[in-house]
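One structure below.
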Amino acid sequence: NYAGNYITTTRFAEDNKLSKSQAKEKLKQTLKAKSVAILEPDEEVLAHSDGMVMWLNEKTLLVNQYTDKAFRKLVLDELHASFPDVKIIEVPVEYGKNKKGEWEGFESACGVNLNSVLTFKNIYVPVFGMNHDAEAIKIIKQNTSKNVIEVEAKGVCPMGGSVRCLTWQL
């Protein structure tokens, strides 16, 4: 979030043969991080956090509103414990609605609006022509002063990626 808070998934710990606490300490040391959250991934292939959460600013974090209650609690508990001073807002998400064109070995990213790109003035949010898109856009707009620009992403999302995946944010 450009203020020393970092989020990754347990894949980082697994790939580096570290416990979760060791992984947090390693990231804190290496990145000079203030806080680190390590989430269980919501999909196992890529296990990226950029489809799970999105920082709107230093003090506001959006997270997918998971329907699996146990998984939702796991994610929210880790985020609240790691970032006690951050406002965490859930955004509706729908998975698996567009399987047409899905690449073998990759899970569809269709329905994941948080895989967005932030610039100094704009947020480019993927939309999919799905029922929850309007509510997700509304929540994002209510919590930012940036321009929210909708990007039609239903042509690329079955391949497992979306707007943020197609860019390089620095």
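Quick notes
- Here, the chain yields an orientationally averaged convex hull projection of 9.7 nm² when only Cα atoms define the hull.
- Gyration tensor verdict on the range 115-170 (Cα atoms; rounded if a/c is under 1.5, prolate if a/b is larger than b/c, oblate otherwise): oblate
- Positive-end extreme of charge dipole, the chain - chosen from 53, 86, 168 (charges on Cβ): 86
- In the range 1-31, the trypsin sites (Lys or Arg not before Pro) that fall in loop regions by DSSP, at most 16 other Cβ within 10 Å: 17
- Of the trypsin sites (Lys or Arg not before Pro) found in the range 37-81, those that fall in a DSSP loop while having at most 16 other beta-carbon atoms within 10 Å are 59.
- FRET efficiency, 1/(1 + (r/R0)^6) with R0 30 Å, evaluated for residue 90 and residue 122 via beta carbons: 0.85
- Model label zone, residue 44; criterion: amide N under 20 Å from point 7 Å along Cα-to-beta-carbon; scope the range 16-30: 16-20
- Anchor residue 87: aspartates and glutamates whose Cα lies under 15 Å away (excluding residues fewer than 8 positions away in-chain): 58, 77, 78
- Loop sites here are chymotrypsin sites (Phe, Trp or Tyr not before Pro) outside DSSP states H, G, I, E and B with no more than 13 other Cβ atoms within 10 Å. The longest part of the chain free of them is 3-102.
- The simple spin-label model puts a point 7 Å past each Cα toward its Cβ; for residue 142 and residue 80 those points are separated by 1.9 nm.
- Free-standing Cys, the chain [no other Cys Cβ under 4.7 Å]: 165
- The range 22-98-the range 108-168 distance, computed between alpha-carbon centres (Å): 17
- For the range 4-96: rounded, prolate or oblate by the Cα gyration tensor [a/c cutoff 1.5]: oblate
- Multiplying the residue separation of residue 134 and residue 3 by 0.36 nm and removing their Cα-Cα distance gives an extension gain of 44.2 nm.
- When the solvent-accessible area of the chain is split by element, carbon and sulfur atoms take up 53 percent of it, the probe being 1.4 Å.
The values are calculated or read from the model by the stated rules, or taken from the named source; none is laboratory data. Given the structure is predicted, the values throughout are model-derived calculations rather than measurements. Heads up, the Cβs are rebuilt from the backbone with ideal geometry, glycines too, and the neighbour counts pull from every protein chain shown. Remember, those area values only see protein heavy atoms, side chains included, never the ligands or the DNA or RNA. Shrake-Rupley method; radii C 1.70, N 1.55, O 1.52, S 1.80 Å.
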